[in-house]
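K.L.:
The structure is given below, and queries will be raised subsequently.
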């Protein structure tokens, strides 16, 4: 899942070297933390959060094939 999120984020931002993705466990669930440069936050979130919703939807669809659940958080 990390590679999926990382490849999507790197194609959206101006500074792909600043993209980092990590999976951590919070409150018993897997959380994918996506970190991008401060200037690229708007590009990853999108207007009214549409791109962020699309990323979460893709992760949800890919995870359902593995019978898993992942949450995606976008951080600075």
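K.L.:
Would you mind stating whether residue 54 is assigned to a helix (DSSP H, G or I), exposed (fewer than 15 other Cβ atoms within 10 Å of the Cβ), free of Cβ contacts under 8 Å to residues at least 12 places away in the same chain and within 10 Å of the chain's Cα centre (by Cα)? Show your work before the answer.
P.N.:
Numbers: assigned to a helix (DSSP H, G or I): yes; exposed (fewer than 15 other Cβ atoms within 10 Å of the Cβ): yes; free of Cβ contacts under 8 Å to residues at least 12 places away in the same chain: yes; within 10 Å of the chain's Cα centre (by Cα): yes.
Yes, satisfied.
K.L.:
For the stretch 1-42: of the residues being in contact with a helix residue (DSSP H, G or I) (Cβ under 7 Å, 6 or more places away or on another chain) and in a loop (DSSP other than H, G, I, E, B), which is surrounded by the most Cβ atoms within 10 Å (Cβ to Cβ)?
P.N.:
Checking each candidate, the answer is 36.
K.L.:
Another question, then. Looking only at the stretch 27-51, which residues are in contact (Cβ under 8 Å) with a residue 12 or more places away in the chain and either out of contact with any strand residue (DSSP E or B) (no Cβ under 8 Å at 6 or more places or on another chain) or farther than 17 Å from residue 2 by Cα (or both)? Don't jump to the end; show me each part of the working.
P.N.:
Residues of the stretch 27-51 in contact (Cβ under 8 Å) with a residue 12 or more places away in the chain: 29-41, 43-45, 51.
Selection gives 37, 38, 39, 40, 41, 43, 45, 51.
The numbers here are math on the coordinates, done by the rules we state, and not lab data. Nothing here was measured: the structure is a model prediction, and the numbers come from that model. All Cβ positions, even for glycine, are placed from backbone atoms using ideal geometry, and neighbour counts span all protein chains on display.
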